[in-house]
């Protein structure tokens, strides 16, 4: 397997959103701020854009792991005084040139004591959103960027926090080699919900009238990757890359009914043909009650790029075993506009 292909395999396992872990940043005594770097990593040179003069020196070091898309940052803090300092790291984020801001995965930092005339290193990790459109569609982060902006603040005791800004520039030779290999893999082909024609929309509305016994008028709304029917929201992330088709379906129940997932009945159709697939379910409980959510994922071998795929409507049912949707939900690949 091409080592950069691993990035897509790993991202399939990830959740629909970026969930920042709650662990604190790693602190260690050190006389160097170099992250753990291998020949496969991409080194970034950091240049101060806004660097406050204070009694604590700051030396950042950052490298990227192309296989995971993660960037590792070490902040070497140097107490230049004869007195111990209580240091707190705040507002740490990595920003793309398009202005997309990503916090570190470790976003809970507590103050620590930096002894007089000593050094300490704070180690953190970023998983930046490099391609906002791609992330919004299928929760993939996109290829690493050659330039980022690093921002953070340091607070000494109860004093006003001091802001720091750095430009992070990737090593040109390393990044060129990475980008050439990334481009050779090809970009993911993203699917969106096919437009609902009048006949299909009418069938769904009539079906909702049977499911819901309240007096509210049933409704169905559809966007590129979302479908909402009487408060039952489906967010779908569907894409094809190289020889595989990846599908993530996430339901959020804001309706007045409870639903249950029947994985064996959640049929995947490729070009109209039913396809055997295994659905992995994140939650243990397959019942989706009001304000609850449920996520399923699958990946199937598909050497060619299908034009149309669909999810059968029988896979999600009410507790009375009535299908949530009277028709299969159709997705269509549309080439990106130039």
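Testing residue 279 on (1) more than 27 Å from residue 211 (Cα to Cα); (2) touching a helix residue (DSSP H, G or I) at 6+ places or on another chain (Cβ under 6 Å), one condition comes back false. Which one is that?
Residue 279 satisfies all of (1) more than 27 Å from residue 211 (Cα to Cα); (2) touching a helix residue (DSSP H, G or I) at 6+ places or on another chain (Cβ under 6 Å) except (1).
So which residues in the stretch 115-144 are touching a strand residue (DSSP E or B) at 6+ places or on another chain (Cβ under 8 Å) and either part of a loop (DSSP other than H, G, I, E, B) or on the phi > 0 side of the Ramachandran plot (or both), if there are any at all?
Taking the stretch 115-144 as the starting set, the residues that turn out to be touching a strand residue (DSSP E or B) at 6+ places or on another chain (Cβ under 8 Å) are 115-129, 134, 137-140, 144.
Those that are touching a strand residue (DSSP E or B) at 6+ places or on another chain (Cβ under 8 Å) and either part of a loop (DSSP other than H, G, I, E, B) or on the phi > 0 side of the Ramachandran plot (or both): 115, 116, 117, 118, 127, 128, 129, 139, 140, 144.
Regarding residue 155, is this residue more than 30 Å from residue 222 (Cα to Cα), touching a strand residue (DSSP E or B) at 6+ places or on another chain (Cβ under 6 Å), at pLDDT below 95 and outside any helix (DSSP H, G or I)? Spell out how you get there, then give the answer.
Details: more than 30 Å from residue 222 (Cα to Cα): yes; touching a strand residue (DSSP E or B) at 6+ places or on another chain (Cβ under 6 Å): yes; at pLDDT below 95: yes; outside any helix (DSSP H, G or I): yes.
The answer is yes for residue 155.
Looking for something within 16 Å of residue 309 (Cα to Cα) and in a strand (DSSP E or B) - is there at least one such residue anywhere in the stretch 255-263?
Going through the stretch 255-263, the residues within 16 Å of residue 309 (Cα to Cα) turn out to be none.
No, the stretch 255-263 contains no residue that is within 16 Å of residue 309 (Cα to Cα) and in a strand (DSSP E or B).
So which residues in the stretch 158-174 are out of contact with any strand residue (DSSP E or B) (no Cβ under 6 Å at 6 or more places or on another chain) and part of a helix (DSSP H, G or I), if there are any at all?
Initially, the stretch 158-174 is screened for residues out of contact with any strand residue (DSSP E or B) (no Cβ under 6 Å at 6 or more places or on another chain), giving 158-160, 172-173.
Across the stretch 158-174, the qualifying residues are 172, 173.
For the stretch 266-301, give me each residue that is farther than 25 Å from residue 333 by Cβ and not in a loop (DSSP other than H, G, I, E, B). Full working, then the answer.
Narrowing the stretch 266-301 to residues farther than 25 Å from residue 333 by Cβ: 281-294.
Result: 281, 287, 288, 293, 294.
Restricting to the stretch 306-334, count the residues that are in a loop (DSSP other than H, G, I, E, B), in contact (Cβ under 8 Å) with a residue 12 or more places away in the chain and more than 17 Å from residue 277 (Cβ to Cβ). Break it down into steps so the answer makes sense when it comes.
Keep residues of the stretch 306-334 that are in a loop (DSSP other than H, G, I, E, B), which gives 306-307, 312, 319-322, 324-328, 334.
Still in the list and also in contact (Cβ under 8 Å) with a residue 12 or more places away in the chain: 306-307, 312, 319, 322, 324-328, 334.
In the following step, the residues that additionally are more than 17 Å from residue 277 (Cβ to Cβ) were identified as 307, 319, 322, 324-327, 334.
Number of matching residues: 8.
The values are calculated or read from the model by the stated rules, or taken from the named source; none is laboratory data. Every value quoted in this text rests on a predicted model; they were computed, and no experiment measured them. We place every Cβ from the backbone using ideal geometry, glycine too, and count neighbours over all the protein chains shown.
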